[in-house]
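Everything on this sheet refers to the single structure shown next.
The values are calculated or read from the model by the stated rules, or taken from the named source; none is laboratory data. Quick caveat: nothing in here was measured; it's all calculated off a predicted structure. Using ideal geometry, Cβ is built from the backbone for each residue, glycine included, and neighbour counts are taken over all protein chains shown.
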Amino acid sequence: MLEIKNLQVSVEGKKILKGIDLKVNAGEVHAIMGPNGSGKSTLAQVLAGNEAFEVTEGEVWFEGKNLLEMEPDVRACEGLFMAFQYPVEIPGVTNTYFLKAALNSKRKYHGLPELDAIDFLDIVREKVKLVELDDSLLKRSVNEGFSGGEKKRNEIFQMAVLDPKLAILDETDSGLDVDALRIVAGGVNQLRNPNRAIVVITHYQRILNYLEPDFVHILAQGKIVKSGGSDLAHEVEAKGYDWLKDVIPAEETVEV
Amino acid sequence: MTIALHIKDHYRSAFAELETTVAGQEPAWLHEIRKEALARFEALGFPSHREEAWRFTNTAPLREKTFHLAEADGRDTLGPAVRPPVTGLDAYQIVFVNGHFTPELSILNGLPQGARVESIAAVLRSDPGSLEPYLARQGSYEDFVFAALNTAFMRDGAFVRIPAGAVLEKPIHLLYYSTRLETPVVSHPRNVIVAGSGSRAVILESYAGPDNAVYFTNGVTEVSAGEESDIAHCKLQREGHEAFHVSFSRLDLSRSSRYAHHSITLGGGLVRNELNALMNGEGIHCTLNGLYLVDGKRHVDNHTLMVHAKPHCESHEVYKGILDEQGRAVFRGRILVAKDAQKTDSKQTNQALLLSGEAEITAMPQLEIYADDVKCTHGATTGKLDDEALFYLRARGINLEDARELLTYAFASGIVEQIPVEAVRAELDHVLHKRLSFSHSNEVSV
């Protein structure tokens, strides 16, 4: 489904990703773990199409198509979804209006008729249960005044409605208390299916207790330094990232 | 003195002509007011950019053109180029074309007992005494030169009387059309609105004209809101792209009244709106909202003055501008809190959204506070569409154009939502959702 080859990315002239290779198949859950500043979120942003990041080398193939040539909205319509680490507040646009516009954009892209308000509400009613999101939040402006947990649940709710082929969850666990984490992870688990791939980006192992990834990759200084099964996550949890010192390259000096 | 001699001659001869036309039809007191106003106009002169209040708005294009008063209502000149400023509206409606009352287009039956919506010209013929206490009695032509010009030359407009305690179920719509005539036409609409104590009403004042004509609308609206009245007043300006639109609105508010003014500017090539609200009693709530959309090379200038004359009044002012292409806007919002006006609570916000790198706004919030126990705040922000929000919308599948439109709409929505006339909200939704055609072009005929 997703194939990343030698992906190198810079932001404001600074190299962040230094050659990522990753293959994700339908039905799989991959976890990408790594210390702060390792490039985890950059990877998520680049895959979603954030133009603030410059791809200097490499390729990304999504369902056999060149992902890097697509506009961010086309990527979403093709079935890619990124849950934002910091969901953006949009005053003046209600959550429902926003989501209906998004879903109908996607349907239009695939040549399907747009949903009317009633059909849309049916979908919303069904999906909103998944993450126990309060109905009142649907009528409010997108993420405006939402608590941290509500914002993250709103992301997973959007994922449920938009029904992506590939979901990238960028630190969806950060800032959540245990109960919120359980709800969010529960929602993600229900969205797991043989046709969908999920990439979970996280600093901590704790969300992986709920999600049980098929593969775990350690990202450090812009490279995947180790890959393995879910055991790898437990090792990181037990020993910290320092344990990987011998496989992590020393910090390169920046040339002036 | 900035009126060139030939221009002065033009206005003097136009005035002499007007005197002949209205001779014997108007009361002496009005003739005196007209003469005073003309003298005031000559003394003040056309504004120059050296005057503080006109530093950022150049009136030269207006000064350099000669406009003529239309002699008849000219409703036969209303064509498909002039579409109604709002459709689907259920309202009492008084219509003026090129400044003259047009009964054929007006719908005035069914007004509640005692409520009257009439042509000022007609009232001046039939019952001038009823206008005398209100017409030009608020000192409106002393300082604002265009109000003086209006007062000297006004011919017609709406005289709205809402009796004490009356509750109007439908809005009152004062509708001004301008048309394309052989020579550029000027009209000086004059509205007098008197709301009795405890009355409740919604007033819609709207302006429309063709895009392909140069004309000048110079309006004055005087409002007296009685004690405990509750009035919403929406001014919807959809003049043609080449039109000059100058307006002076003066609100005189009494104790415990609630007044909300919504100034919506969609059209006009050169626009200056002057709005003065005088809170002349205790316990008044006054809202001044504004929304202006400026594209092309258009220029929109809003000057507001909120005068807190008495204690315990609350005022809220939010003006929002959306500027595109080489649009220019000016906002000056003055809040004046008199010495006696203790416990004033006043909040002013001015926000501009710049959709192009060439658009410009000049914002000047001003607080003048002479009382010592007050709460006054003001804030001004100018910015472009938020890149993060754009990316967020796009990451959910919404294309760039739609995302920009959605965010632009969201910016304006807070103002639109507060307008208490559904048809106006629907019209604005429509306009905002096709941002690139702010002021309408040739569509429906009336």
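Details
- Per the conditions (1) more than 16 Å from residue A:28 (Cβ to Cβ); (2) buried (at least 22 other Cβ atoms within 10 Å of the Cβ), the sole criterion not satisfied by residue A:179 is (2).
For every residue, the table says whether it meets (1) surrounded by 20 or more Cβ atoms within 10 Å (Cβ to Cβ); (2) aliphatic (A, V, I, L, M).
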site: A:139; (1), (2): no, no
site: A:145; (1), (2): no, no
site: A:152; (1), (2): yes, no
site: A:166; (1), (2): yes, yes
site: A:174; (1), (2): no, no
site: A:186; (1), (2): no, no
site: A:190; (1), (2): no, no
site: A:207; (1), (2): yes, yes
site: A:211; (1), (2): yes, yes
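- Checking residue A:71 against (1) without any contact (Cβ under 8 Å) to a residue 24 or more places away in the chain; (2) more than 8 Å from chain B (Cβ to nearest Cβ), the condition it does not meet: (2)
- Residue in the range A:14-35 that is in contact with a helix residue (DSSP H, G or I) (Cβ under 8 Å, 6 or more places away or on another chain) and of a type in the set (Lys, Arg) present: no
- Pick from the range B:182-221, criterion of a type in the set (Ser, Thr, Tyr) and over 16 Å from the mean Cα position of the chain (by Cα), ranking: modelled with the lowest pLDDT: B:183
- Answer from A:90, A:32, A:4 - the residue that is touching a His at 6+ places or on another chain (Cβ under 6 Å), crowded, with 17+ Cβ neighbours inside 10 Å and either within 14 Å of another protein chain (Cβ to nearest Cβ) or closer than 19 Å to residue A:199 by Cβ (or both): A:32
- Filtered residues of the range A:19-48 (kept if closer than 23 Å to residue A:64 by Cα and basic (Lys, Arg)): A:23
- Hey, residue B:368 closer than 28 Å to residue A:89 by Cα, more than 14 Å from every other protein chain (Cβ to nearest Cβ) and in a strand (DSSP E or B) or not: no
- Meets criteria (in a helix (DSSP H, G or I), under 28 Å from residue A:202 (Cα atoms) and either away from every other protein chain (no Cβ under 13 Å) or modelled with pLDDT under 95 (or both)) for residue A:149: yes
- Applying the criterion of being part of a helix (DSSP H, G or I) and closer than 9 Å to residue A:72 by Cβ to the residues of the range B:394-413, the residue that is farthest from the other protein chains (Cβ to nearest Cβ) is B:400.
- Any chance residue B:367 is over 23 Å from residue B:266 (Cβ atoms) and buried (at least 19 other Cβ atoms within 10 Å of the Cβ): no
Here's the yes/no breakdown for (1) surrounded by 15 or more Cβ atoms within 10 Å (Cβ to Cβ); (2) closer than 24 Å to residue B:204 by Cα; (3) touching a helix residue (DSSP H, G or I) at 6+ places or on another chain (Cβ under 9 Å):
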residue	(1), (2), (3)
B:52	no, no, no
B:55	yes, no, no
B:58	yes, no, no
B:62	yes, no, no
B:66	no, no, yes
B:74	yes, yes, no
B:79	no, yes, no
B:82	yes, yes, no
B:88	no, yes, yes
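- Filtering B:258, B:272 for residues that are crowded, with 21+ Cβ neighbours inside 10 Å, at pLDDT 95 or above and of a type in the set (Lys, Arg) leaves a single hit, B:272.
- Of all residues in the range B:414-424 being out of contact with any helix residue (DSSP H, G or I) (no Cβ under 8 Å at 6 or more places or on another chain) and not in a helix (DSSP H, G or I), the one that is nearest to residue A:92 (Cα to Cα): B:418
Table: residues versus (1) farther than 21 Å from residue B:214 by Cα; (2) in a loop (DSSP other than H, G, I, E, B); (3) out of contact with any His (no Cβ under 6 Å at 6 or more places or on another chain).
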{"residue": "B:272", "(1), (2), (3)": "no, no, yes"}
{"residue": "B:278", "(1), (2), (3)": "yes, no, yes"}
{"residue": "B:282", "(1), (2), (3)": "yes, yes, no"}
{"residue": "B:291", "(1), (2), (3)": "yes, no, yes"}
{"residue": "B:317", "(1), (2), (3)": "yes, no, yes"}
{"residue": "B:333", "(1), (2), (3)": "yes, no, yes"}
{"residue": "B:342", "(1), (2), (3)": "yes, yes, yes"}
{"residue": "B:347", "(1), (2), (3)": "yes, no, no"}
{"residue": "B:358", "(1), (2), (3)": "yes, yes, yes"}
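- Residues in the range B:217-255 that are within 18 Å of residue B:290 (Cβ to Cβ), free of Cβ contacts under 8 Å to residues at least 40 places away in the same chain and among the charged types (D, E, K, R): B:235 only.
- Cβ pairs under 6 Å, 6+ apart, first in the range A:37-60 and away from chain B (no Cβ under 14 Å) and of a type in the set (Gly, Ala, Ser), second surrounded by 19 or more Cβ atoms within 10 Å (Cβ to Cβ) and in a loop (DSSP other than H, G, I, E, B): A:39/A:222
- Filter result for residue B:134 (in contact (Cβ under 8 Å) with a residue 24 or more places away in the chain and surrounded by 21 or more Cβ atoms within 10 Å (Cβ to Cβ)): no
- A search for C-beta distances below 8 Å between a residue of the range B:66-95 that is free of Cβ contacts under 8 Å to residues at least 60 places away in the same chain and among the hydrophobic types (A, V, I, L, M, F, W, C) and any residue that is part of a loop (DSSP other than H, G, I, E, B) and crowded, with 18+ Cβ neighbours inside 10 Å, counting only pairs 6+ apart in sequence or on different chains, returns B:72/B:98.
- Filter result for residue A:48 (closer than 15 Å to residue B:392 by Cα and either crowded, with 20+ Cβ neighbours inside 10 Å or of a type in the set (Ser, Thr, Tyr) (or both)): yes
- Test for residue A:134: is it under 22 Å from residue A:51 (Cα atoms) and in contact (Cβ under 8 Å) with a residue 12 or more places away in the chain: no
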